[in-house]
Amino acid sequence: MRSPTPFEGRVYAALKRIPEGKVTTYGALARYVGVPYGARAVGRALNCNPYAPHVPCHRVVGSTGMLVGYAFGLEKKIHLLSSEGVIVCNGKVDLKIFGYMFTD
């Protein structure tokens, strides 16, 4: 297993801030770690997250709340989110209810 890059390390550290029962978007996470247009780079970092599920990459969704991508499959992502109290309806999470906003 290789060591995370500095960027990946920032992404993983930010992920640990998302509380159980909340989600964020790839774009919001990218902005938080200082790469405003880095949503795809965040997705790549999450795809190779060696610390999952302890570093909760399952708590990241698309910009509209749609569940997109998960290295262990979307069914597993739905299961993890549901076990935390996040309601997934038709493959989507209501960001107004379950969205997490990063603050400093």
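Report the FRET efficiency, 1/(1 + (r/R0)^6), for residue 47 and residue 94, where r is their Cβ-Cβ distance and R0 is 22 Å, rounded to 0.05. Working from the Cβ atoms, E equals 0.30. Across all directions, the shadow cast by the convex hull of segment 29-80 built on its C-alpha atoms averages 3.6 square nanometres. A run of the chain free of exposed loop cleavage sites, with chymotrypsin sites (Phe, Trp or Tyr not before Pro) counted only in DSSP states other than H, G, I, E and B and at most 15 other beta carbons within 10 Å, reaches its longest extent at 1-36.
Dividing the summed -39500 (n - 2.57) terms of all DSSP H runs of n ≥ 4 by the residue count of the chain sets its mean residue ellipticity at 222 nm at -10500 deg cm²/dmol. With 0.36 nm allotted per residue and the present C-alpha distance subtracted, the residue 74-residue 87 stretch has 3.3 nm of extension available. Here 44, 10, 2 are placed in order of increasing Cβ neighbour count within 10 Å, fewest first, which gives 2, 44, 10. Relative contact order, whole percent, for segment 6-98 stands at 29, derived from Cα pairs under 8 Å and 6 or more residues apart. Most tightly packed first, judged by the mean number of other beta-carbon atoms within 10 Å of their residues, the peptides 86-96, 57-67 read 57-67, 86-96. Within the chain, the proportion of Cα pairs with more than 21 Å between them is 25 percent.
Throughout, read-outs are computed from the coordinates displayed, never taken from laboratory work. Here the structure is a predicted model, which is why all the values come from computation and not from measurement. Ideal geometry is used to build each Cβ from the backbone, glycine not excepted, and the neighbour counts take in all protein chains shown.
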